[in-house]
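Notes follow the structure.
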Amino acid sequence: MEPALSRRAFLLASGATASGVALEIALSAVPATRAATPATTVHTVARPSGAGGYRRLSDGPGWRRVTRTELAEAKKGRAGRRTVLACFVQLTDLHITDVQSPQRYEFLRAADLGFWRPQEALTAVGAVSMIERINALRYGPATRAPIGFVMTTGDNTDNNSHIEMEWFLTAMTGGRFTPDTGDPGAYEGAQNCGLGLYWQPESGLRDIDKRAGFPRLEGFLEAAIREVSSPGLAVPWYSTVGNHDRLFGGAYREAGGFFADLATGSRKLFSLPASEAGAVYRALRGGDPAGARFRAAWERHKGKARTVTADERRAPLSPRAYVAAHLDPAYTGPGPAGHGYTRDNLDSGRLDYSFRISDGVVGISLDTTDRGGDYRGSVGTRQLAWLKRTLKAHADDLVLVFSHHPSWAMTNLTPSPDRPRDRRHGGQELLAVLRGHRNVVAWINGHSHRNKIVPHGGLWEISTASHVDYPQLARVVELADNHDGTLSLFTTLVESAAPHRTDFTDLSQRGLAALYRELSFNSPGLRSGLAGLPGDRNTELLLRKR
């Protein structure tokens, strides 16, 4: 049974200040009437049934909460003394995807099965189903404090395009959108190209995925590109940028307009020889920031490209356009205006900011994407200096740091072409800065698509699985003062609102969201262990209050 502590009140500020303040939360340990809360993964988690081949999902037992004491002792009676300081939800790696974009390189599946996902056409309905779950939660499951805000930690979109950003912002703030580009109402992507490399859901072709047990589903593609309705988040939300939001394919910087022309053009390549695909894949993983190997392969095989409908809405976003989209009043929703970004970010092109979470608690959002290219992250010298100044300015506050990349994925030190003298710094250097400021209690991130929680001296690094790969989770984080010299960080994973059981005849928005989860579980080439160990899931993380 989780302790039942609650809030005194929410104090919503009228607007953002220059420092990004948009939300104040006043919370106390005064007991309150316990409200019904939808089940979290503490109660139940989707589980597979059967053995071998395509496996169906059903209701399964939950994951217990694990108390971790590497950084502080768990003292008796702390639940009765506790004051809640913050309660929020982390979304990460939504990867809302335009699956028909010519820019996509699905053909790398010839080298690695996991490079293309059969469920990708359903990213929009999956994201909306997660928003529905968050709205239904209302309270933190461990402390009963109201959820104050949501923070996305990057890869909100997949192809760095205007249209995907429009879909993401509409999903988050509420409204209707149609996840379809090119020829209106006609699907022109990998899933009806007739190649056995991809799941062809409406064809009798024995493709790779059907040989693994995937079903034949008439009407799937029409359903996947029809209008989606989102209620939007009921609480304020903030945004952090990821490599897929900023770079072509999540890895390549702009190079002579090639990728922009490809994205908005009318030629789409669906296949490469396995050896060529392998060479491109290895270059991508090993560092090809300008996409030279990709461009060379495309030029050699462009004669095999097929004609699709061009669409200017697929054009890439500059940093300025990225911020401007967030500042658009049409997407303010419950606020704050800009969702963390301000006019200063628009003018400077810098995508870092700080914001007030509650009395005594500040959040910092860091842009860890290297504009020089590469899917791996880093930060620049100017950013590091800004971070140090911001941490010093908030020396009397507890600080939560948000970024896309975790420390172990910040190993790319390629200089940005627009700032060649601004040296890049990896995850260990960033950790050293955070550990050097005693007020930093947690670094919260994504990117790895895996649940992982690591202690670092006086702070916890919390990395959360994606919404596109199974197990498709968001994470509720609750920060509390135990009034015994320690703090507790509670982390609770939640699944989307879609039912665990699927019905192949149900192609409604809800039915597709359930199918999205099941397809992701069965996706060939999926890395194992993304759910993490018990201590990476539902936890109480103790640390000293310093």
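The values are calculated or read from the model by the stated rules, or taken from the named source; none is laboratory data. Since the structure is predicted, the reported quantities are computational estimates derived from the model, not experimental observations. Every residue, glycine as well, gets a Cβ built from its backbone with ideal geometry; the counts of neighbours run over all protein chains shown.
Kindly indicate whether any position in segment 445-455 is under 23 Å from Ala86 (Cα atoms), modelled with pLDDT of 95 or more, surrounded by fewer than 19 Cβ atoms within 10 Å (Cβ to Cβ) and under 23 Å from the mean Cα position of the chain (by Cα).
Yes: one or more hits.
For the condition more than 18 Å from the chain's Cα centre (by Cα), among the polar types (S, T, N, Q) and modelled with pLDDT of 95 or more, what is the one hit in Thr492, Thr539?
Thr539
I'd like the full set of residues that are farther than 14 Å from Glu495 by Cβ and either under 25 Å from the mean Cα position of the chain (by Cα) or not in a strand (DSSP E or B) (or both), limited to segment 57-67.
Scanning segment 57-67 gives Arg64, Arg65, Val66.
Can you name every residue in segment 191-236 that is hydroxyl-bearing (Ser, Thr, Tyr) and either more than 25 Å from the chain's Cα centre (by Cα) or at pLDDT below 95 (or both)?
Selection gives Ser203 alone.
Considering each residue of segment 342-398, count those that are within 24 Å of Trp408 (Cβ to Cβ), outside any loop (DSSP other than H, G, I, E, B) and in contact (Cβ under 8 Å) with a residue 60 or more places away in the chain, and give that number.
The number of residues fulfilling the criteria is 4.
Would you point out which residue out of Phe168, Phe177 is within 22 Å of Ala498 (Cβ to Cβ), buried (at least 17 other Cβ atoms within 10 Å of the Cβ) and free of Cβ contacts under 8 Å to residues at least 60 places away in the same chain?
Among Phe168, Phe177, only Phe177 is within 22 Å of Ala498 (Cβ to Cβ), buried (at least 17 other Cβ atoms within 10 Å of the Cβ) and free of Cβ contacts under 8 Å to residues at least 60 places away in the same chain.
Given the conditions (1) surrounded by 15 or more Cβ atoms within 10 Å (Cβ to Cβ); (2) hydroxyl-bearing (Ser, Thr, Tyr); (3) within 19 Å of Thr502 (Cβ to Cβ); (4) modelled with pLDDT under 95, report the number of the one that Thr44 does not fulfil.
Unmet condition: (4).
Tell me whether segment 409-431 contains one or more residues that are aliphatic (A, V, I, L, M), touching a Phe, Trp or Tyr at 6+ places or on another chain (Cβ under 7 Å) and at pLDDT 95 or above.
No; the residues of segment 409-431 include none that is aliphatic (A, V, I, L, M), touching a Phe, Trp or Tyr at 6+ places or on another chain (Cβ under 7 Å) and at pLDDT 95 or above.
Surrounded by fewer than 16 Cβ atoms within 10 Å (Cβ to Cβ), among the charged types (D, E, K, R) and touching a strand residue (DSSP E or B) at 6+ places or on another chain (Cβ under 6 Å): is that true of Arg306 in this structure?
Answer is yes for this residue.
When you look at Asn156, is it at positive phi and not β-branched (Val, Ile, Thr), yes or no?
No.
List the helices (runs of 4 or more DSSP H) that sit entirely inside segment 249-341 and contain at least 1 residues that are under 23 Å from the mean Cα position of the chain (by Cα).
258-264, 274-286, 319-327
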